[in-house]
Amino acid sequence: MSKQLPKLHGMQMLLLIGCLWFSPYVFAQMNPAAKWITTPINQHKENQWLIFRKQYTLNSKLTEPLIAKIACDAKYWLYINGRLVVFEGQLKRGPTPSDTYYDEVDITKYLQKGNNTLAVLVWFWGRNGFCHKNSGTAGLFFDATNRQIAWTSDKTWKCAPHTSFGNSEKPHPNFRLPEFNIHFVAKPHCNDWMLPNYNDSHFNESTEVGIAGCAPWNRLWKRPFPQWHNTGIVPYPKADSVPFISNGQPIRLRLPANYTITPYFKIDAPDSGMLVDMRTDNYRGGSEYNVRTEYVTCKGMQAFETPGYMNGHEVIYTFPKGIKVLSLGYRRTSFPTKQLGSFVCNDTALNILWQKSYNTMHINMRDAIQDPDRERAQWWGDAVIILGQIFYSCDSNGVKSIQKAISNLVEWQRADGAMYSPIPAGSWNKELPQQTLASIGSFGFWNYYKYSGDLEMIRYVYPSVKKYLQLWQTDSSGLVVHRGGNSSSYSRELFWDWTDWGSNIDVPLCENAWYYMALASVADMCKSLGYTHEMVRYQQQMEALQKAYNQHFWKGKVYQSNTHRGTPDDRGNGLAVVAGIAHKQQWQPIKQHLDTAYWAGPYLEKYILESYMLMGDANSGLVRMKRRYQNMIADSCSTLWEGWRIGSGTYGGGSYNHGWSGGPLTLLSQYVAGIQPENVGFTRVLVKPQMAHLQWVNCTMPHRWGLIKLHLQKTKQQQLKVVATLPAKLAGNFVWNNRTIPLTSGTQTFFLPL
């Protein structure tokens, strides 16, 4: 697939459909009658809420589905005939620095013969964030066209600002978020705007801007995964005291776990102008202000659900004294993936850790792979670790989130060749060089191909990866020239020179290891794509770097750079093993060092733990894993933390849900249960368990051909009982104590000596 495709514009775009596993460019053929529309009044300032309404007549029953293509800046809520169809539609902008996503929504079942009322609420943020590129103009695009009818947005759609929404008092959400706090002043009939009989005579006609592809929204990219999973409004597990009269004190209601939710209430207020506050226990997660909701009552009975999502373990309502609370509930929205993978063993601590890793990963999946509170930003160091977790636990929708993340990274590549994150972003352009190396390296792009077999993705990213690696140089010693803004060739303002949270970081060890893994990845890409000469060149660079690394950094029992003045760092030593730089004869002293060195934050801890598995010492690896994660395992929090302590500046503020901490999910499934690809593309499976002290393990793993199931049991007869179930077409090998047993599709049971 050619990267020249996106140079097409507007109506020239074709819907790309084929047999490719991944198509990075999916544009729809739009009806030229469909126009981007906006308000005729100057409502393009920050934090504006706009209502669009249109009535259509359906004269006969539809004989085929009616798919609506919808886009806006930045979020929308769609109602048809008063029924909610989409809650928080639209992905944050943008697939490139200038383009916009669009949704496809099947609206067939919501339509009726006769009159149909379409009503859309659009929230225009009007500012950039670490996860959103502002277009500068509030707008809506709607195209529902089939062979029978054509319902398209144009100037006949009615438009008006929703005047109940406004700006909250301070504090406001931290600077990373494009979202605002919700401030809503209730008025009689203020929530009737979506009803068919609502009188919209005071609305204005919309202003047409242009057809699909016009500025400032530009090309429309299809949303790569479905709408959020939506529970509807459900009651809290323990809210037995409703109804009650508020005494003015906060009410804390526990959620089943750390959820992304929108709180709801129904009340009877004795007066207007009474301020209700809604937030979660995570309002200052990561020591920063996140989002909350202010609601100002009208007099009498009223109900309200805040449209802006928040997350946490508890929802905290504060109702002024005298308000009668009639009902409380919440709507959970989450990424539309199912948990297909699992890991259960006789060690309860490891079971808790695997599930908390999944919980954390899941809540870190939204518009992008991101944390749900302080940043909502797609840092690619985090995404690399979450990538592995997705393949061991999620369905195909989860894999689509990886595809989007990879596409974002290469499409936002700077003119100087740098790939940077977080992206999409309008208020960030700095490169984290080591995170970028991780993203294109063995655990990033190559790992995606290793598990998915998606060669078209590799073909798509390779030119960008090659261009990026040209920015890196080695010095006369054969080691990497540090890229952190210190070179005269690059501005310090374009870098964030970051390796890991914590102290005692030996940067040259880590940076050279990441560069080595990036070279290994791109060499493998060249091999798969048939670029033999380029493959040889990268392999020669790897050989030279491995030689230099061992010559300059190996100190007899441990790796340490000459510029590092602290005690030997655990991070670089673990990375040297997983990169393949360290030789087998170096493993034993490295393990001895890692048994006692505890400097890494949870981000790089994943690779240290993996080094134990690769060195064949899962027992010591699990001992370290349980020691490092013991506080997170024991804590009541259902998710894993950004650092080893919550709320600590040592760990970037220490939020209590950060996807990079979930590496144990991958390690337990991949190495302890032992399920992994036997070949690139995962058309064969290798099961090579390292059970260590465990007596039994049950593990499932999703594969694109079906579900892999494995049961391992140490018996009283000093045997290992194996029950392995593989989906149709999948075969492979089971390896135990240097013995290999062929595996075929279906279920096999066999016994091996311990």
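Here region 686-753 is treated as a Stokes sphere of Kirkwood radius computed over C-alpha pairs; at 37 °C and 0.692 mPa s its diffusion coefficient rounds to 266 µm²/s. Angle of helix 348-363 to the longest C-alpha principal axis of the chain, folded into 0 to 90 degrees and rounded to 10: 50°.
Helix content alone sets the calculated 222 nm mean residue ellipticity of the chain: runs of n ≥ 4 DSSP H residues at -39500 (n - 2.57) each, divided across all residues, give -7000 deg cm²/dmol.
Beyond 27 Å between alpha-carbons counts as too far, so tell me which of Lys404/Lys466; Lys466/Lys555; Lys400/Lys584 fall in that bin. Don't skip to the end; give the middle numbers.
Values: Lys404/Lys466 20 Å; Lys466/Lys555 33 Å; Lys400/Lys584 37 Å.
The pairs that break the limit, which is 27 Å between Cα atoms, are Lys466/Lys555; Lys400/Lys584.
Think of the chain as having a plus end and a minus end, set by charges on the Cβ of Lys, Arg, Asp and Glu; of Ser246, Trp228, Phe682, Phe682 sits farthest toward the positive end of this dipole.
For region 548-592, the set of trypsin sites (Lys or Arg not before Pro) satisfying both a DSSP loop assignment and a count of at most 12 other C-beta atoms within 10 Å is given as Lys555, Arg565. Axis of helix 618-628 versus longest Cα principal axis of the chain: the two differ by about 50°, to the nearest ten degrees. For Lys109, a cut-off of 15 angstrom between C-alpha atoms picks up these aspartates and glutamates, skipping any fewer than 8 places away in its own chain: Glu64. Pairs of alpha carbons in region 577-667 separated by more than 17 Å make up 49% of all such pairs.
In debye, nearest 20, what is the charge dipole magnitude of region 231-334 about its Cα centre with +1 on Lys and Arg Cβ and -1 on Asp and Glu Cβ, if you could check? Walk me through the numbers on the way to the answer.
Values: 12 positive and 9 negative charges, 29 e Å.
Dipole about the Cα centre, nearest 20: 140 debye.
Relative to the longest principal axis of the Cα atoms of the chain, helix 602-614 runs at roughly 40 degrees.
Rounded to whole numbers, the Karplus 3J(HN,Hα) couplings from phi for region 703-718 are 10, 4, 9, x, 9, 8, 10, 9, 10, 10, 9, 7, 9, 5, 8, 6 Hz, using 6.51 cos²θ - 1.76 cosθ + 1.60 with θ = phi - 60°, and x at Gly and Pro.
Counting only DSSP beta bridges whose two residues both lie in the chain, roughly 90 percent are antiparallel.
Among the trypsin sites (Lys or Arg not before Pro) in region 360-448, which ones are in a DSSP loop with at most 15 other Cβ atoms within 10 Å of the Cβ? Mind listing them? It would help to have the intermediate numbers written out before the result.
Working: sites: Arg366, Arg374, Arg376, Lys400, Lys404, Arg414, Lys430; in loops: Arg366, Arg374, Arg376, Arg414, Lys430.
Of the trypsin sites (Lys or Arg not before Pro), the ones in loops of region 360-448 whose Cβ has at most 15 other Cβ atoms within 10 Å are Arg414.
Projecting the alpha carbon convex hull of the chain along each direction and taking the average yields 34.2 nm². The convex hull of the Cα atoms of region 628-754, projected and averaged over all directions, covers 9.6 nm².
Taking label points 7 Å from Cα along the Cα-to-Cβ direction, Ile245 and Lys45 give a separation of 4.2 nm.
Any read-out appearing in this document is the output of simple, stated calculations on the displayed coordinates, not a laboratory observation. Just so you know, these numbers come straight off a predicted model, no measurement behind them. Backbone-built Cβ (ideal geometry, glycine too); neighbour counts: all protein chains shown.
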